[in-house]
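Read the structure below first, then the notes.
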C-alpha cells in the first residue's frame with residue numbers, strides 16, 4: 001500500500017473526492033476542508049494499492065491537481081486494516097509489478113543532475129578500482145563496483161529515452177560521462193605521480209590474471225551488461241534494492257575507468273584503449289536493455305490492468 005497526501009483547491013476538491021471514492025483500490029480517505037493554509041484548499045489523505053496507483057495519479061492529473069495543488073506519495077512500512085486488504089484484493093495485478101511512474105520521473109530528474117556526492121563516490125570507486133587492478137585483487141574491483149553510483153544517471157538516461165525527454169537525456173549523459181572524464185583525469189594524475197616516484201611499476205599496472213577481464217572486452221561483456229540493465233531497471237521499478245546491488249557487482253564500468261587511468265599513467269596505451277572499449281560496451285548494453293525494459297513495462301501495464309492480472 002502507498003499513502004497519498006493531496007492538497008486541492010475548493011473548486012476541484014469535490015471532483016477529486018468523487019474520483020477517489022469511486023476507485024476500489026483507494027481506502028481510508030480522509031478530507032480536511034480548508035486545512036491547506038494560504039487558500040490552497042482542502043487536504044485529502046488516503047491509501048491506495050500500489051498496483052492501482054497509476055490510475056489514481058492519472059485521475060489527479062486530469063483534475064489539474066499538480067498544477068493547482070500538490071501530490072505527495074509515501075510508502076508506509078506496515079498497513080494493518082481490513083479496508084487496505086480489500087483495496088489490494090480489488091487491485092489488478094501483483095503489488096511487486098506496480099510501477100509508480102511519477103516517482104520514477106522524479107527520481108530520474110534528481111539522478112540526472114550532477115552533484116558533489118555523486119562525483120566523490122565515483123572518484124573513490126575509480127581509485128579503488130585502480131588499486132584493485134594494480135594489486136590484481138578482484139575483491140577490490142567488486143568493492144569499486146558497489147561504491148560506484150553510475151547506474152543512477154544510466155537509469156535516468158533510459159527513462160529519458162523512453163519518454164523522449166531530450167533535455168533530461170542531455171543532463172544524464174553530461175553527468176555520466178562528465179563524471180567519468182573528471183575522475184579519470186584525477187586518477188591519472190595521482191597514478192602518474194606515483195609512477196614517476198617509483199611507487200608503482202609498469203608490470204604491476206599491466207599484469208594480473210584475476211583482473212584481466214577489465215582489459216579484455218568481448219561479446220560476453222555486452223551480454224552481461226544487457227542482463228544487468230534489465231535487472232537494474234526491474235529493481236528500480238519494483239523497489240528491490242537487493243537486486244540492484246547485484247547489478248552493481250556485475251557491470252564493468254567503474255573498473256574500466258580506474259584501469260584506463262592507471263594504464264594511461266604508465267604509458268600502456270593498448271590496455272587503456274581496451275578498458276575504454278570495455279566501458280563503452282557496458283554502458284551501451286545497460287542503456288539499450290534498460291530502455292527496452294522500461295518500454296515493455298509501459299506497453300504491458302495497460303493490458304495487465306484491463307485483463308485483471
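Please pick out the residue among 264, 227 that is farther than 30 Å from residue 25 by Cβ, modelled with pLDDT of 85 or more and surrounded by fewer than 21 Cβ atoms within 10 Å (Cβ to Cβ). Quick ask: steps written out before the conclusion?
Details: 264 fails: surrounded by fewer than 21 Cβ atoms within 10 Å (Cβ to Cβ).
Testing whether each residue is farther than 30 Å from residue 25 by Cβ, modelled with pLDDT of 85 or more and surrounded by fewer than 21 Cβ atoms within 10 Å (Cβ to Cβ) leaves just 227.
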Q.
Whether any residue in region 131-139 is assigned to a loop (DSSP other than H, G, I, E, B), surrounded by fewer than 19 Cβ atoms within 10 Å (Cβ to Cβ) and touching a helix residue (DSSP H, G or I) at 6+ places or on another chain (Cβ under 6 Å) is what I want to check.
A. yes
(Q) I'm trying to understand the selection: among the residues of region 103-120, which are surrounded by fewer than 18 Cβ atoms within 10 Å (Cβ to Cβ), modelled with pLDDT under 85 and either in contact with a helix residue (DSSP H, G or I) (Cβ under 8 Å, 6 or more places away or on another chain) or outside any helix (DSSP H, G or I) (or both)? (A) 105, 107
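Just to be sure, is residue 211 part of a loop (DSSP other than H, G, I, E, B), in contact (Cβ under 8 Å) with a residue 40 or more places away in the chain and crowded, with 18+ Cβ neighbours inside 10 Å?
No, not satisfied.
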(Q) Against the conditions (1) modelled with pLDDT under 85; (2) surrounded by 15 or more Cβ atoms within 10 Å (Cβ to Cβ); (3) assigned to a strand (DSSP E or B), where does residue 35 fall short? Just the number, please. (A) (2)
Q | Scope region 168-186; condition in contact with a helix residue (DSSP H, G or I) (Cβ under 8 Å, 6 or more places away or on another chain) and farther than 19 Å from residue 275 by Cβ; matching residues | A | 168, 169, 171, 172, 173, 175
Q: Identify, by number, the condition in (1) under 26 Å from residue 116 (Cβ atoms); (2) in a helix (DSSP H, G or I) that residue 233 doesn't meet.
A: (1)
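Can you spot a residue in region 151-167 that is under 15 Å from residue 272 (Cα atoms) and at pLDDT 90 or above?
Filtering region 151-167 down to residues under 15 Å from residue 272 (Cα atoms) leaves none.
No, because not a single residue in region 151-167 is under 15 Å from residue 272 (Cα atoms) and at pLDDT 90 or above.
The values are calculated or read from the model by the stated rules, or taken from the named source; none is laboratory data. None of these values were measured; they are calculated from a predicted model. So basically every Cβ, Gly included, is an ideal-geometry build from the backbone, and we count neighbours across all protein chains shown.
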